[in-house]
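Structure first, commentary second.
The values are calculated or read from the model by the stated rules, or taken from the named source; none is laboratory data. If you're wondering where the values come from, they're calculated on a predicted model, not measured in any experiment. Methodologically, a virtual Cβ is constructed for each residue, glycine included, from the backbone with ideal geometry; neighbour enumeration extends over all protein chains shown.
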């Protein structure tokens with residue numbers, strides 16, 4: 001389990017990253033839209049910490065995902081410098097930073113969902129757990145695409161930076177596919193480590 005000191009350090013670093021991200025972003029409206037999931041997620045973690053503390057792996061992955069969102073919120077996803085660097089290096093037609101973000105949008109929720117399902121004894125380890133965690137991650141990704149769709153309907157051109165399609169008519173489909181790939185890959189890579197950390201958490205409970 002992550003110690004109180006670890007979580008305090010992560011929280012302090014997240015506050016600093018949020019402050020940096022909020023200073024003179026490329027588009028203030030987009031900043032609010034892109035960073036809102038960070039604030040909502042943090043509120044949920046604080047409220048559930050007392051009775052459902054997560055594993056160290058989950059907290060660190062959530063922190064990484066929050067940083068990715070805050071960087072994207074500051075620059076907008078199509079303008080993140082590291083993405084532009086890779087775009088020039090690989091001679092691609094778009095900035096792929098948002099693609100990386102959508103892989104994490106599948107990987108992190110899938111692992112968190114997997115842990116919650118195990119800790120609450122909703123389902124036993126096995127194929128059904130793997131499938132349901134993927135379903136949760138893909139549902140979150142689809143919900144995000146629906147939010148983007150409605151923002152485009154309501155906001156028109158003013159929300160194009162939030163959509164981050166960069167001229168790709170299949171952007172929504174790519175985003176959901178990458179989230180599913182992230183959910184599958186994350187569970188294959190980290191389920192053993194997560195299971196060991198969950199066992200230690202429960203043993204200390």
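Quick notes on this one:
- Filtered residue count, the stretch 18-68, keeping only those that are touching a helix residue (DSSP H, G or I) at 6+ places or on another chain (Cβ under 6 Å), closer than 15 Å to residue 3 by Cα and surrounded by fewer than 17 Cβ atoms within 10 Å (Cβ to Cβ): 0
- Within the stretch 126-147, one or more residues are surrounded by 13 or more Cβ atoms within 10 Å (Cβ to Cβ), in contact with a helix residue (DSSP H, G or I) (Cβ under 6 Å, 6 or more places away or on another chain), within 20 Å of residue 37 (Cα to Cα) and at pLDDT below 85.
Residue by residue, here is whether (1) over 21 Å from residue 53 (Cβ atoms); (2) crowded, with 18+ Cβ neighbours inside 10 Å holds:
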position: 82; (1), (2): yes, no
position: 88; (1), (2): yes, no
position: 98; (1), (2): yes, yes
position: 102; (1), (2): yes, yes
position: 107; (1), (2): no, yes
position: 110; (1), (2): no, yes
position: 115; (1), (2): no, yes
position: 118; (1), (2): no, yes
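- Residues of the stretch 86-117 satisfying the condition of being more than 13 Å from residue 178 (Cβ to Cβ) and modelled with pLDDT under 95: 86, 87, 88, 89, 90, 91, 92, 93, 94, 95
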